[in-house]
1. Tell me yes or no: at least one residue of the stretch 230-242 is within 15 Å of the ligand (Cβ to nearest atom), assigned to a loop (DSSP other than H, G, I, E, B) and touching a strand residue (DSSP E or B) at 6+ places or on another chain (Cβ under 9 Å).
2. Output yes when any residue across the stretch 180-202 is at pLDDT below 95, outside the structural domain of residue 420 (by TED's automatic domain parsing), more than 13 Å from the ligand (Cβ to nearest atom) and in contact with a helix residue (DSSP H, G or I) (Cβ under 9 Å, 6 or more places away or on another chain), and no when none is.
3. Checking the conditions here, which among 176, 157 is over 18 Å from residue 87 (Cα atoms) and in contact (Cβ under 8 Å) with a residue 24 or more places away in the chain?
4. Regarding the stretch 206-221, can at least one residue be identified that is within 13 Å of the ligand (Cβ to nearest atom), over 13 Å from residue 37 (Cα atoms) and part of a strand (DSSP E or B)?
5. In the stretch 301-330, which residue that is out of contact with any strand residue (DSSP E or B) (no Cβ under 7 Å at 6 or more places or on another chain) and either in a loop (DSSP other than H, G, I, E, B) or in the same structural domain as residue 393 (by TED's automatic domain parsing) (or both) is surrounded by the fewest Cβ atoms within 10 Å (Cβ to Cβ)?
6. Could you tell me whether the stretch 71-93 includes any residue that is modelled with pLDDT of 95 or more, more than 14 Å from the ligand (Cβ to nearest atom) and touching a helix residue (DSSP H, G or I) at 6+ places or on another chain (Cβ under 8 Å)?
7. If I ask for residues that are without any contact (Cβ under 8 Å) to a residue 24 or more places away in the chain and out of contact with any helix residue (DSSP H, G or I) (no Cβ under 6 Å at 6 or more places or on another chain), which ones from the stretch 106-125 would you list?
8. Determine which member of the set 257, 262, 267, 292 is touching a strand residue (DSSP E or B) at 6+ places or on another chain (Cβ under 9 Å), more than 20 Å from residue 366 (Cα to Cα) and at pLDDT 95 or above.
Ligand SMILES: Cc1cc2nc3c(=O)[nH]c(=O)nc-3n(C[C@H](O)[C@H](O)[C@H](O)COP(=O)(O)OP(=O)(O)OC[C@H]3O[C@@H](n4cnc5c(N)ncnc54)[C@H](O)[C@@H]3O)c2cc1C
């Protein structure tokens with residue numbers, strides 16, 4: 001399949017966008033660069049696409065020219081974890097646009113209206129739709145940008161394009177060695193990468209939870225009728241819940257080093273850490289205050305579980321205890337020490353940390369719900385890294401407007417959506433602030449264009 005190019009002269013150029021003024025591009029290759037190329041087309045860059053379009057307001061010439069590259073073949077938001085009944089951890093009002101523009105046509109409410117479910121949703125009396133429904137909302141919004149997105153395209157490199165004076169006046173976006181397009185601004189919205197503990201490699205019977213539904217679809221009939229799930233966070237608890245419901249003949253062993261699942265703090269005052277204004281507070285705070293805030297409020301997001309889900313798992317475990325048929329097994333204060341391939345399965349060695357006892361579990365699959373990590377943006381930045389200011393942790397220095405601080409010779413903007421928890425706070429990798437952040441990035445891009 002040939003890869004769609006993001007060339008302003010190609011058919012993929014968005015109908016409602018204006019071409020950049022002739023001659024504004026670098027002279028050495030004679031092609032006009034776009035205003036923005038976004039790398040990754042998850043919710044963050046989708047929110048950016050919306051903010052750019054709404055800036056234009058449908059007025060010819062006002063919308064900055066933009067295109068996006070996405071490695072997935074079609075739009076998808078954590079498809080492997082679209083578990084039946086799993087709900088959002090964020091209010092639907094923190095959708096792709098509402099906090100930036102409450103009158104946006106891209107709001108979740110407008111999506112409900114378009115789907116003919118607005119009244120039904122209201123009767124549901126919830127702020128937290130299912131992830132399946134939110135995925136449908138995101139897909140509905142993404143479909144309005146199909147002409148601007150090159151799907152099935154993994155960006156591997158960025159290269160500087162120099163103008164006559166030697167300054168970098170545009171950036172070439174490279175996907176698997178091929179030139180995809182040029183832009184004056186690059187917005188990295190790469191999301192998070194699944195994390196497996198050191199030495200663990202995914203295989204037919206060993207997965208990260210991000211692949212859960214995809215892997216389960218191809219899992220043959222269970223031989224051992226047992227699963228082991230490593231981890232004590234929201235994803236781990238959701239996987240335990242899902243497997244326990246989906247495989248009524250199988251045992252599900254939850255293995256974690258804590259004593260029990262800990263509840264997520266979603267109380268109102270703590271939740272303010274995700275407010276748009278909290279980004280200002282965090283950004284300007286001294287480093288030690290930043291570190292304290294991340295540590296005080298990590299339990300709003302990391303290694304914690306919704307209290308309703310904890311209660312549900314406990315209720316089920318207790319009922320099984322009463323019935324004398326324990327299928328949900330909580331191996332707390334325990335650690336997976338290793339595992340071996342066995343016919344039709346995997347033998348998991350679990351150490352009980354309190355007693356030193358070792359247990360071997362023959363399982364059909366071992367699932368690591370061991371979290372996600374931000375990718376290193378420098379891996380994609382390639383030669384542009386030389387222009388970026390790097391801090392003592394080896395991370396790019398980032399302005400409040402999410403623009404990487406660079407040498408003056410780089411006339412282009414490189415923006416980060418995600419991977420800025422250390423500078424902008426806990427909402428960095430979440431949806432809470434996606435709409436507002438997208439607006440701030442658009443403002444910054446326009447301010448640099450004007451100035
Ligand atoms: C199961 C699950 C549930 C979650 N639920 C919530 C929730 O309820 N509320 C909340 O606030 N957050 C939630 N999160 C956090 C999650 O990070 C955000 O929901 C959201 O995905 C962030 O959007 P993003 O666009 O920054 O990243 P992503 O959604 O990860 O999108 C990044 C995209 O970039 C693409 N990409 C990466 N590298 C390249 C490349 N080199 N070239 C081309 N494309 C590339 C990826 O394929 C991906 O589509 C959840 C996370 C998970 C895993």
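The values are calculated or read from the model by the stated rules, or taken from the named source; none is laboratory data. Only a predicted model underlies this, so the values are computations on that prediction, with no experimental measurement involved. Quick reminder, even Gly has a Cβ in these numbers, built from the backbone with ideal geometry, and neighbours come from all protein chains shown.
1. Of the residues in the stretch 230-242, the ones within 15 Å of the ligand (Cβ to nearest atom) are 231, 233-242.
Next cut, assigned to a loop (DSSP other than H, G, I, E, B) only: 231, 233.
Retained after the next criterion (residues that are touching a strand residue (DSSP E or B) at 6+ places or on another chain (Cβ under 9 Å)): 231, 233.
Yes - at least one qualifying residue is present in the stretch 230-242.
2. No, there is no match, as no residue in the stretch 180-202 is at pLDDT below 95, outside the structural domain of residue 420 (by TED's automatic domain parsing), more than 13 Å from the ligand (Cβ to nearest atom) and in contact with a helix residue (DSSP H, G or I) (Cβ under 9 Å, 6 or more places away or on another chain).
3. Only one candidate qualifies: 157.
4. Yes, because at least one residue in the stretch 206-221 is within 13 Å of the ligand (Cβ to nearest atom), over 13 Å from residue 37 (Cα atoms) and part of a strand (DSSP E or B).
5. 324
6. no
7. If the condition is that a residue be without any contact (Cβ under 8 Å) to a residue 24 or more places away in the chain and out of contact with any helix residue (DSSP H, G or I) (no Cβ under 6 Å at 6 or more places or on another chain), then 107, 109, 110, 113, 116, 117, 119, 120, 122, 123, 124, 125 are the ones that fit.
8. Only one candidate qualifies: 262.
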